[in-house]
1. When all alpha-carbon pairs of the stretch 248-377 are counted, what percent fall beyond 23 Å?
2. Which of LYS41, LYS183 comes first, and how do the rest follow, when ranked by fewest Cβ neighbours within 10 Å?
3. Do the sum for the chain: with -39,500 (n - 2.57) for every DSSP H run of n ≥ 4, divided by all residues, what is the mean residue ellipticity at 222 nm, to the nearest 500 deg cm²/dmol?
4. Starting from the 7 Å offset along Cα-to-Cβ, what nm value, one decimal, do you get for the label separation of GLN356 and THR22?
5. Under 16 Å from a point placed 7 Å out from the Cα of ARG280 along the Cα-to-Cβ direction: which residues of the stretch 35-51 have their backbone N that close?
6. Compute the acute angle (0 to 90°) between the alpha-carbon long axis of helix 345-355 and the principal axis of greatest extent of the alpha-carbon atoms of the chain; round to the nearest 10°.
7. For the pairs LYS183/LYS367; LYS5/LYS41; LYS188/LYS367; LYS5/LYS154; LYS41/LYS309, note any where the Cα-Cα span goes beyond 19 Å.
8. Along the charge dipole of the stretch 241-394, which of ASN242, PHE352, GLN386 sits closest to the positive end, that is, farthest toward it, with unit charges on the beta carbon of Lys, Arg, Asp and Glu (+1, +1, -1, -1)?
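Read-outs throughout are calculated quantities, based only on the coordinates presented, and are distinct from any laboratory measurement. Note that the structure is predicted; figures quoted are calculated from it, not measured. Positions of Cβ are backbone-derived with ideal geometry, glycine not excepted, and every protein chain shown enters the neighbour counts.
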Amino acid sequence: MIQYKQEAVDIFEQLEEEFNRTHDNIHLTIESPSEAMTILKTRFIREDYPDIIGIGGEINYSYFVQSDILADISDYPGLASIQPAYVDILEGLEFVPTEGTYGVPYVANAAGVLYNRTMFLEHGWEIPKTWEEFVSLCEKIQEAGILPLYFGFKDTWTCLAPWNALAVGLAPEDVCRQVNQGKTNFTKEYEGIAEKMLQLLQYGEDGPFGYGYNDACTAFANGDSAMFTIGSYAVPQIKSLNPDMDIDSFVMPTGSSQEENILNSGVDLQFCITRACKNREAAYEVLDFLLEHENVQAYLDDQNAVPCKNKEFELTPIFDGMKSYIAEGRMADYQDHYYPSEMAVDAQIQTFLIHQDMDGFLAKFDKDWQRYNRDIIRLAEDYQRQHGEDERKE
């Protein structure tokens with residue numbers, strides 16, 4: 001197996017050791033290289049395929065499915081234990097509906113708003129359920145002489161955190177596929193997100209483009225802001241700076257009704273079997289081991305992750321405000337998982353927030369999408385001609 005999560009090397013070494021200690025008929029080697037995706041792509045070009053890969057649910061997975069590199073594992077019994085919402089998220093990443101299942105979602109992360117629970121309790125602030133309540137909360141925090149939000153937008157990728165959290169509630173979940181099919185455009189679908197991104201700026205640090213992710217983590221850990229618009233993946237760094245900090249999170253409210261709120265959650269790690277794997281049964285045995293309850297729990301404890309397995313697990317308290325959404329499967333994937341890297345959407349959002357030219361930003365987004373997705377758009381057009389617009393993967 002090659003897996004891409006460098007920060008999870010220690011837990012994967014433990015899992016590898018335990019598997020080999022308890023299995024005489026299979027030897028498991030797990031490699032966790034830096035630049036794992038580059039190494040994987042190089043090996044694929046050379047037709048030197050690992051048996052199993054551990055990757056995220058993002059556009060590289062889409063390319064691997066389209067390139068016929070991954071095996072259809074629809075017959076794997078362990079899929080029955082996976083939360084259907086996460087299986088749907090992976091299927092949504094396919095450029096066109098593709099027969100079969102090509103990944104086993106293992107763990108997810110979640111993004112919305114982290115908040116200082118101690119500070120909230122001291123001031124009696126309530127968790128907002130609507131966009132209007134969220135704005136009102138920010139104003140109350142300002143009136144108390146405290147900074148409501150920290151952004152750290154010097155690092156362009158941090159601009160994607162609030163963008164994604166807003167997008168799941170304000171744009172269609174399959175908006176990228178709809179655009180590829182010529183049914184809509186981003187100027188129409190993303191205007192509301194852009195407006196709210198601009199509105200958020202007035203509640204953050206002065207000059208947010210002068211401070212990066214590390215600065216934001218440090219400031220939040222030191223109590224310099226009440227909230228931080230980032231995902232659960234930031235908590236380990238924040239806790240390394242303030243181990244005793246009581247952090248919780250809530251879903252970014254996007255509309256005027258709580259029912260409109262959707263958790264921004266994507267597949268952080270999934271396991272795929274390559275078509276070149278010569279022993280599918282052995283690979284399934286490895287997946288069975290990884291999905292054993294105690295092994296999933298060990299990973300969750302080590303990485304502060306959300307389980308994709310549809311069973312009861314002990315979650316870190318940072319997900320207290322999101323548990324009901326996770327249990328109900330009321331979630332949608334990160335929009336940036338569909339964006340081609342060539343578009344540099346994170347940098348585009350940062351530029352937009354600096355210059356605040358909404359019309360120019362949205363027009364460029366549509367223009368660049370057509371430029372960098374020509375092949376995918378052509379693929380979608382061919383699929384529609386062959387199958388008709390209304391056909392959907394069952």
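1. Values: 4763 of 8385 pairs.
Within the stretch 248-377, distances greater than 23 Å cover 57 percent of Cα pairs.
2. Details: LYS41 15, LYS183 12.
If I rank by nearby Cβ atoms, fewest first, I get LYS183, LYS41.
3. Numbers: 18 runs with 177 residues, N = 394.
The helix contribution divided over the chain gives -13000 deg cm²/dmol.
4. A separation of 5.8 nm, rounded to one decimal place.
5. Residues passing the 16 Å test: 51.
6. Around 10 degrees separate the two axes.
7. Values: LYS183/LYS367 15 Å; LYS5/LYS41 16 Å; LYS188/LYS367 13 Å; LYS5/LYS154 24 Å; LYS41/LYS309 28 Å.
Those over the limit are LYS5/LYS154; LYS41/LYS309.
8. Positive-most Cα among the choices belongs to GLN386.
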